[in-house]
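Report on one structure; see the data block that follows.
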């Protein structure tokens, strides 16, 4: 029998045996995950061992790049336009029929309200039509737990989540139990780097035409001098693990304006020193992240919150794809005896796989599973876990000297 002639069930078994992870039972648990928290429409079907049976993703990146930033109403419209197709593609690629699903998991918090609404509305109609259990998912918890799909990792472990919308440090004690150690007080690191790239007009640089702001910064920084400019974070003198990137962003913007005047160019043109500004910006952001993470590690150790054997730092979120930032964090984990884990770049950004996996984790433990008849609301500003940032501040942990400088 040729592959094209296989029915859905047969294709599913071929995938499982090819992966070497066939089931001992005839009815494995299967979860459809749906993600629409910001500007990616994602869906995926996973089995209970973490095998990705089918997935689909529609990215809005190019449209928002052209617009100069994410416009919530535009993001909502694009989610609405694509969600049905994306979900159907994930199901078709998996060979799974809706009736075979064990449950549907969907991001309901936090995120852009208009985007979350599309995903939740679609999902509730879907589970009611097919009479399936519904699992509401916290977007940041899903990012934190994705690595457990890829390899064994016991709780507790430290988590650094850095993206366009979030910068936070937390201790993961369970699938739904987190201690928040630090959070951004203004803008997230990804948003800050995107805006710096926009102000540098990197969209007009021949090497950056199709790249996001953060990607453009990382690319140009490889050929720039990270010490050519000196930028700082106002948080460095404060003994906590919170983040702040707004002041740093203003410093870079003022320097760009100064250089534009010196070079006699108009806004929209690319500065001759753009690579140096990109390198210095990336270095400053990475250093700030590393120092807050260093303090979080020392705090957890002082409170015996991390295991003695194989203590781990998990880094996820879109900005975790930045190789330079990963290298800076590796310096910190090497110095403190932690193991550094990062999901592949594809799974760092928003996707349906991480949502489906979080659904699998909850399904296995019987947590947060709702009937298709129940009502649920999305929560754009939902926090992560129990906030103990004040305890971290009161600990007043001073950081020992640590050289965080590497070649871009």
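Taken together, the values in this text are just the output of simple stated rules run on the coordinates, not laboratory data. Every value quoted in this text rests on a predicted model; they were computed, and no experiment measured them. For neighbour counting, all protein chains shown are included, and Cβ atoms are generated from backbone atoms with ideal geometry for every residue, glycine included.
Using helices alone, I'd like the mean residue ellipticity at 222 nm for the chain: each DSSP H run of four-plus residues gives -39500 (n - 2.57), total over residue count, nearest 500.
Counting only the DSSP helices, I get -13500 deg cm²/dmol.
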q = 0.13, 0.14, 0.16, 0.18 Å⁻¹: log10 I(q)/I(0) that the Debye formula gives for the range 110-203, counting C-alpha atoms only: -0.65, -0.73, -0.87, -0.98
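Counting only C-alpha contacts under 8 Å and six or more residues apart, can you give the relative contact order of the chain as a whole percent?
22 percent
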If the convex hull is drawn through the Cα atoms of the range 292-339, its volume per residue in Å³: 73 Å³
Over the chain - Rg/Rh using Cα atoms and the Kirkwood inverse-distance radius: 0.99
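Using Stokes-Einstein with the Kirkwood hydrodynamic radius over Cα pairs, what translational diffusion coefficient do you get for the range 208-361 at 37 °C and a viscosity of 0.692 mPa s, in µm²/s rounded to a whole number?
For the chosen part, D equals 188 µm²/s.
Counting other beta carbons within 10 Å of each Cβ, put 159, 147 in order, fewest first.
Going from sparsest to densest Cβ surroundings: 147, 159.
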Rounded tilt (10° steps) of 246-263 against the dominant C-alpha axis of the chain: 60 degrees
Acute angle (nearest 10 degrees) that the helix 352-365 long axis makes with the longest principal axis of the chain, alpha-carbon atoms: 60 degrees
Gyration tensor over alpha-carbon atoms, the range 141-185, equivalent ellipsoid semi-axes in Å: 19, 12, 7
Cα convex hull of the range 364-408 - mean projected area over all directions, nm²: 8.3 nm²
Angstrom value of the Kirkwood radius, inverse mean 1/r, which spans all Cα pairs in the range 62-172: 16.2 Å
Cα Rg, Dmax (largest Cα-Cα span) when computed across the range 334-404, Å: 18.7, 56
Column: log10 I(q)/I(0), Debye, Cα scatterers of the range 120-276, q = 0.08, 0.20 Å⁻¹: -0.36, -1.22
Projected-area mean, the range 195-270, by convex hull of Cα positions, square nanometres: 5.8 nm²
Residues 138, 130 arranged by fewest to most Cβ contacts within 10 Å: 130, 138
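Kindly identify the range 109-162 as rounded, prolate or oblate by the Cα gyration tensor criterion: order the square roots of the eigenvalues as a ≥ b ≥ c, call it rounded if a/c is under 1.5, otherwise compare a/b with b/c, prolate if a/b is larger, else oblate. All intermediate terms of the calculation are to be shown ahead of the outcome.
Numbers: a/c = 3.82, a/b = 1.71, b/c = 2.24.
Oblate is the answer for the range 109-162, as a/c is 1.5 or above yet b/c matches or exceeds a/b.
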Reciprocal of mean inverse Cα separation for the range 222-311 (Kirkwood radius, Å): 15.1 Å
Folded to 0 to 90 degrees: helix 8-18 orientation relative to the chain principal axis, Cα: 60 degrees
Proxy reagent accessibility, fewest Cβ within 10 Å first, across 149, 257, 354: 257, 149, 354
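Report the far tail of the P(r) of the range 47-104, meaning the percent of Cα-Cα pairs longer than 17 Å.
Summing the P(r) tail past 17 Å for the range 47-104 gives 50 percent.
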